[in-house]
Amino acid sequence: MGTDVVVGGASAAEAEAIERLFADWEQVFSRFRPQSELNRINADPAPVVIVSRLFASVLRDALEAAAATDGLVDPTLGGAIVAAGYDRDFALLPARDSQPPSPPVPGRWRSLRLSGRLLTRPPGTALDLNGVVKSLAVDASLELLEGDGFVAAGGDVAARGAVAVGLPGGGSLRLRSGGLATSGITVRHWHRGDRLKHHLIDPRSGRPSTSRWDEVTVAAGSCLAADVAAKAAFLLGDDGPGWLDDRGLPGRFLEQGELLANDRWRASVEPEAAVA
């Protein structure tokens with residue numbers, strides 16, 4: 001998934017099981033492995049396909065995330081992310097590409113129908129489940145631990161028992177349990193043509209978001225819930241802090257080095273003196 005995974009509180013056997021879980025999910029959901037199930041499904045011209053149980057489970061969570069965010073987190077943006085230039089593993093992506101961006105591809109999650117393992121979609125639909133896959137893998141990995149501990153992957157954390165977590169932009173907090181996730185563009189961005197591009201696509205336009213935020217960090221009851229909310233708050237721009245407050249979720253926003261916390265963050269987040 002293009003990131004390091006850090007585990008705390010795991011036995012050797014549990015750590016090996018978590019490593020296998022991430023490897024297995026990579027084989028299913030990677031956009032950059034030609035034989036991944038995701039790529040096979042996207043390449044299949046049939047309007048109806050049978051997917052694996054794992055794929056169906058993750059897609060179902062992605063559709064629930066889309067419904068909960070009024071389509072801001074959309075699993076049908078595979079074409080849009082490629083159009084923006086993210087067409088290979090990020091490590092292989094040139095910092096500057098002279099080619100102009102391709103036409104935008106707005107999201108259309110409402111066109112998907114999932115019944116058990118049977119997926120129906122319009123012709124040409126390209127799925128991308130990266131909006132939920134990593135955070136779901138983190139949550140699933142935490143369930144493999146018998147006792148207290150944490151699993152962290154690329155800024156997404158799930159914890160059982162208190163753990164100190166470093167924050168983007170500096171500082172840290174004590175996460176008592178649940179999840180913490182950050183969505184932003186400070187790491188994954190590139191130039192295509194004369195424009196800065198990144199991987200956070202606004203499904204309403206089909207183009208990389210023009211949000212004012214560089215990063216948004218959210219705490220929630222699970223890593224998945226935090227990740228979905230962070231993406232939605234990022235895409236909502238000025239309305240992001242209030243949107244999180246309305247849902248009782250703490251959020252911290254980074255804009256050109258300046259930090260802004262919503263009301264819920266200021267009321268509920270317990271600072272930690274030192275980063276673990």
Query raised in the report: On average, how much accessible surface per residue is there in the chain, in Å², for a 1.4 Å probe, leaving out ligands, DNA and RNA?
Result: 47
Report summary line: Note: residue 117 to residue 259 extended length (0.36 nm per residue) minus current alpha-carbon separation gives 46.8 nm
Query raised in the report: Could you give the length gained on full extension between residue 110 and residue 54, defined as 0.36 nm per residue of separation minus the Cα-Cα distance, in nm?
Result: 18.1 nm
Query - Whole-percent carbon and sulfur share, accessible surface of the range 209-251, 1.4 Å - result: 46
Report summary line: Checking 105, 165, 48 against a Gaussian network model of the chain (alpha-carbon springs below 10 Å), the top fluctuating residue turns out to be 48
Query raised in the report: Taking the Cα-to-Cβ direction at residue 32 and at residue 46 and moving 7 Å from each Cα, how far apart do the two end points lie in nm?
Result: 3.0
Requested in this report: Quick one: pull the percentage of alpha-carbon pairs in the chain with a separation above 33 Å.
Outcome: 19
Report summary line: Between the modelled labels at residue 268 and residue 146 (7 Å from Cα along Cα→Cβ) the distance in nm is 3.2
Query - Residue among 210, 76, 125 with the largest mean-square fluctuation in a Gaussian network model of the chain, springs linking Cα atoms under 10 Å - result: 210
Report summary line: Between the modelled labels at residue 238 and residue 12 (7 Å from Cα along Cα→Cβ) the distance in nm is 5.8
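The values are calculated or read from the model by the stated rules, or taken from the named source; none is laboratory data. Every value quoted in this text rests on a predicted model; they were computed, and no experiment measured them. A quick note on method: Cβ atoms are made from the backbone with ideal geometry, for glycine too, and the neighbour counts reach across all protein chains shown. What goes into the accessible areas is simple: the full protein's heavy atoms, side chains included, and nothing from ligands, DNA or RNA. Shrake-Rupley method; radii C 1.70, N 1.55, O 1.52, S 1.80 Å.
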